[in-house]
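Bear in mind these aren't lab numbers, they're just calculated from the coordinates by the rules spelled out. Please read these numbers as outputs of a predicted model, since none were measured by experiment. Note that each Cβ is placed from the backbone with ideal geometry, even for glycine, and that neighbours are counted across all protein chains shown.
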């Protein structure tokens, strides 16, 4: 008798009427979205549900600089269309406000013919169909892949592929995830109507593996976190003078080359500033973690871990130099951040970093600690060289602008739609 009593309770005329009105409201929202006269773009904002790193910062800046457009409707779809449940994921960054921005979520009210938790469960299962029903003209995947939520939608597909590290330096990618990611990335490269690369170097890499040149557009990023962030106090433990490395400690970032260069400098009788590393621990970091710990005990290295934007801005501003020894980059946002802060930059001799930094940096092969030690020694000994690099760096950074990048991205949306 209990199930019958529950059915009678939840199937009362009042609940039936409330359910009908709510379903009519949902249908009305979908009709309104389908009737939107502006160019409608579905945007995957899953990167807003974790601490902002490169991809999240990129997407945030694109949205900020498109939010006031009157010719676009940017619909933001997160990890779930239902965020009212206590256990549902929540974004960790505020969505940019503006007439172009629309956050798409659903919430089942109390008083329906089913309890709210059951209604929300149904909404979650129907989410790909609800998303497809919105009829967006363009689907934007800003983080390499299109999310499962987009699988039934029929708009033109645009994806930003930030690098081809998975294919170019596969040894630097976690083996347990590389195969699945490779399949999904290849699907993106095949399915997308238009691909956005953050540099001409990555665009050429995509063309080299068979992507048609007319399907790939290079759009440089703007400046980094310093653009809109006031410096905060330096993190606890930061030395009075220091050199800086920014990035996750993982094989691709090549921190061992820096540690080896510092040991060479010290062996030559040179006293370089302590090396400050900010960024979380990545995969395969056990050996370098032990090296960093040994260097810390010797007094010439500090690992700060992940730091917030204000602290990062302060670190760049106070650094005697910034070192970026990566084996591979798709753009190299820390390079732009260093140039913008006026910090002398020593970078890996990679095509993409030369494309970004030009003559405002010094370059050394990523696998030559001896040449890194030579350049760092020269830079520390020559005050006029440091000042020249500061001047060139700030001038170079002014060539990278998020408003331009956002405008070119909007034009890419229109090209894909047409």
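Taking neighbour Cβ counts within 10 Å as the exposure measure, how do 106, 316 sort from fewest upward?
106, 316
Calculated from DSSP H runs of 4 or more alone, at -39500 (n - 2.57) each and per residue, what is the 222 nm mean residue ellipticity of the chain, nearest 500?
Only helices count here, giving -14000 deg cm²/dmol.
Which residue, 240, 260, 285, has the most motion in a Gaussian network model of the chain that connects Cα atoms within less than 10 Å?
240
For the chain, what's the relative contact order in percent, using C-alpha pairs closer than 8 Å and at least 6 residues apart?
15 percent
If you fit an axis through the alpha-carbon atoms of helix 309-318 and take the longest principal axis of the Cα set of the chain, what angle between them do you get, 0 to 90°, nearest 10?
It works out to around 10 degrees.
Would you please put 185-197, 53-65 in order of how densely packed they are, using the mean number of other Cβ atoms within 10 angstrom per residue and starting with the highest?
Result, highest mean Cβ count within 10 Å first: 53-65, 185-197.
Name the most mobile residue of 287, 341, 317, meaning the one with the largest mean-square fluctuation, in a Gaussian network model of the chain with Cα contacts below 10 Å.
Among 287, 341, 317, the largest GNM mean-square fluctuation belongs to 287.
Measuring from centroid to centroid over Cα atoms, what is the spacing of region 36-51 and region 205-222 in Å?
Centre-to-centre (Cα) distance: 22 Å.
Could you list the square roots of 5 times each eigenvalue of the Cα gyration tensor of the chain, that is, the equivalent ellipsoid semi-axes, sorted largest first and rounded to whole Å?
After scaling each eigenvalue by five and taking roots: 46, 24, 19 Å.
Can you tell me which of 94, 395, 296 moves the most in a GNM of the chain? Springs connect C-alpha atoms under 10 Å apart.
Per the Cα network of the chain with a 10 Å cutoff, 94 tops the list.
Kindly express, to the nearest 10 degrees and within the range 0 to 90, the angle between helix 255-267's C-alpha long axis and the longest C-alpha principal axis of the chain.
20 degrees
Whole Å is fine, so just give me how far the alpha carbon centre of region 390-408 lies from that of region 69-138.
Here the two parts' Cα centres lie 35 Å apart.
Return 234, 345 ranked ascending by Cβ neighbour count within 10 Å, so the fewest neighbours appear first.
234, 345
For region 225-397, what value does the Rg/Rh ratio take when both radii are computed over Cα atoms and Rh is the Kirkwood radius, given to two decimals?
0.92
Report, in degrees rounded to the nearest 10, the 0 to 90 angle that the Cα long axis of helix 54-64 makes with the longest principal axis of the chain.
Orientation of helix 54-64: about 60 degrees from the principal axis.
At a Förster radius of 35 Å, what calculated FRET efficiency corresponds to the Cβ-Cβ distance of residue 105 and residue 236, to the nearest 0.05?
Computed FRET efficiency for residue 105 and residue 236 comes out at 0.35.
What translational D, rounded to a whole number of µm²/s, comes out for region 222-319 from Stokes-Einstein when the hydrodynamic radius is the Kirkwood one over Cα pairs, at 10 °C and 1.306 mPa s?
In µm²/s, the coefficient is 113.
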